[in-house]
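Taking it in order: structure first as structure tokens, then the write-up.
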Amino acid sequence: MTNKSRLFNRERLEITIDRLCHQLIENHKNFNNSVLIGLQPRGIFFLDRIKRKINSLLEKEIESGILDTTFYRDDFRSNEIPQAKETLIPFLVDDKNVVIIDDVLFTGRTVRSAMDGIMNFGRPKKIELLVLVDRKYSRDIPIEPTYCGIKINTITSDRIEVNLAEQGFEKDNIWVINR
Amino acid sequence: MEQLLSKDLLGIKNLKLDEINFIFDTADKFKEVLQRPIKKVPSLRHMTIANVFFENSTRTKLSFELAQKRLSADVINFSSSMSSVKKGESLLDTINNILVMKVDMIVMRHPDPGAPHFVAKNINKSVINAGDGTHEHPTQALLDCYTIKEKLGEIKNKKIAIIGDISHSRVAISNIYALQKLGAKVMLCGPSTLIPKHISSLNVHIENDIKNALKWCDVANVLRIQLERQGNNNFPSLREYGLYYGINKKLLEKIKKDIIIMHPGPINRGVEISSDVADSKNSLVLDQVENGVAIRMAVMYLLSQKNI
């Protein structure tokens, strides 16, 4: 039997993103030496929302990029190759504070591969991680978020379904599905 | 499309249009990787690839090797002139001896048409044809088409003239297949002694006058006169070939049309193409070489899934 419960609707998502943006500004001040990097495929939608909010709060354009981690995955030998998506990081990350943005943190392997990818654009001063949903107790490697929208307890067979307006859905909704 | 259909890349003839576009999409991503400060990804760190060359090569071999290293694969190079082939070892014995050392993929160039096809049938690892005699050179055609697409936005309905020594050219055959699959119109131009008799069955225009070919085309892909493969006297002298079929600035000015110039290399400067054309702003010769690495990375990356 499948049980579907809502983690976020549009209003709650907006409030949470608002809070995350203020936390980011508290730590990164005017973002003069900080950049945001969204992970493909869905992290880029949150990057876009967070960037727009911070831009309006700071009244300036902050630097950002998008990263596809396909070429850095560690399951290349066991899985079907996912089709690589666009990477666009039009700056060097040397000595910069980098904030990785993704939708869901599960095993931590995607974030590990993202850090490998980011290192190809220079040596950052610091890397932080922002996720909207942190699935606690399911990590394969020791990676924890610096900023988090919500922490939830899940088991491996659970699934997080992210439906965003940017993906063509009528309303923003993020669900946890227990199977 | 999620993966290529065959375990091998032996030619363009049997490649589907979707597969060509899939390779191009993947090459786009690798082209971006090649612009990064660190131009290397760990995708094929679990693989060992052998470059088995029974015929000389400079840029193809370098390009494949660089692509393999950018993908973090281990690479071994085999050259027939320095091997036991000289002592009479058969092709399959040579390949099997390489494979038993835990090699996962073979990139092969051979003077005999069909040699990579024979090897591919007899082993379960991927084989990439890096040129088999006068038959096919698929990665060259892919990088040529990719370069045209990058420059012109699309290939459909574009007019491409392949000029020069068609008879001895594997690049020409692979290009004809690839360009036609992508919707281009193809013309072959050269002295009739260098155009194969039945090539018109491939639905290409034939032209012997280079001025007409240049007036017709958007892109001129100029082929090298393959001096090493000229058995009979197909033309009186290189000088005469250069006079009738050589492309120089003066000739292009007479045509009064912006034509993109391509050449798979190595260039016989002053024979099929003059230096002022090879080095002009309309020349994509160096773009072709640059794109070659991204295309070969894409092909090996996509075929590597067949070796899991």
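When each of the peptides A:157-168, B:144-155 is scored by the mean number of other C-beta atoms lying within 10 Å of its residues, the order from highest to lowest reads B:144-155, A:157-168. At 7 Å along Cα-to-Cβ for each site, give me the label-to-label distance between residue A:116 and residue A:163 in nm. The two pseudo-label positions are separated by 3.5 nm.
Its alpha carbons considered, chain B gives a radius of gyration followed by a Dmax of 19.2, 59 Å. Distance between the 7 Å Cα→Cβ label points at residue A:60 and residue A:11: 3.5 nm. With N as its number of residues, the range B:211-308 has a Cα radius of gyration that, divided by 2.2 N^0.38 Å, comes to 1.34. Straight-distance candidates among the lysines for linking to residue A:96, with alpha-carbon spacing under 28 Å and chain neighbours fewer than 8 residues away dropped: A:29, A:51, A:53, A:60, A:85, A:125, A:126, A:151, B:29, B:31, B:39, B:40. What is the calculated FRET efficiency for residue B:256 to residue A:123, with r their C-beta to C-beta distance and R₀ = 35 Å, to the nearest 0.05? That pair, residue B:256 with residue A:123, gives E of 0.10.
Remark on the range B:138-284: Rg and Dmax equal 14.0, 41 Å (Cα only).
Normalised radius of gyration (Cα atoms, divided by 2.2 N^0.38 Å) for the range B:1-50: 1.36.
Computed over every Cα-Cα pair of the range A:1-101 and binned at 10 Å starting from 0, the pair-distance distribution P(r) comes out as 13, 38, 29, 17, 3, 0 percent. Applying 1/(1 + (r/R0)^6) with r as the Cβ-Cβ distance of residue B:151 and residue A:26 and R0 = 45 angstrom yields a FRET efficiency of 0.40. Taken residue by residue and averaged, Cβ atoms of other chains lying within 10 Å of the Cβ of A:173-179 number 0. With a Cα-only, solvent-free Debye model of the protein assembly as shown, what are the log10 I(q)/I(0) values at q = 0.07, 0.12 Å⁻¹? The Debye formula, applied to the Cα set alone, gives -0.48, -1.06.
The angle separating the long axis of helix B:170-181 from the principal Cα axis of greatest extent in chain B is about 90 degrees. Its convex hull of Cα atoms gives the range A:1-59 a direction-averaged projected area, equal to a quarter of the hull surface, of 5.2 nm². The alpha carbon centroids of the range B:1-57 and the range A:6-59 are separated by 37 Å.
Secondary-structure-derived ellipticity at 222 nm for the protein assembly as shown, considering helices only, amounts to -10500 deg cm²/dmol, per-run term -39500 (n - 2.57) for DSSP H runs with n ≥ 4.
The stretch between residue B:205 and residue B:237 holds 8.9 nm of extra length on full extension. This uses 0.36 nm per residue minus the Cα-Cα distance. Here is the size of the range B:55-156 from its Cα atoms: Rg then Dmax, 15.2, 50 Å.
Computed from the C-beta positions of residue B:36 and residue B:212 and an R0 of 45 Å, the FRET efficiency is 0.50 to the nearest 0.05.
A short reminder: the numbers here are calculations on the coordinates, not readings from a lab. Bear in mind that the values here come from a model prediction, so they are computed numbers and not experimental data. Reconstructed Cβ throughout: ideal geometry from the backbone, glycine too, with neighbour counts over all protein chains shown.
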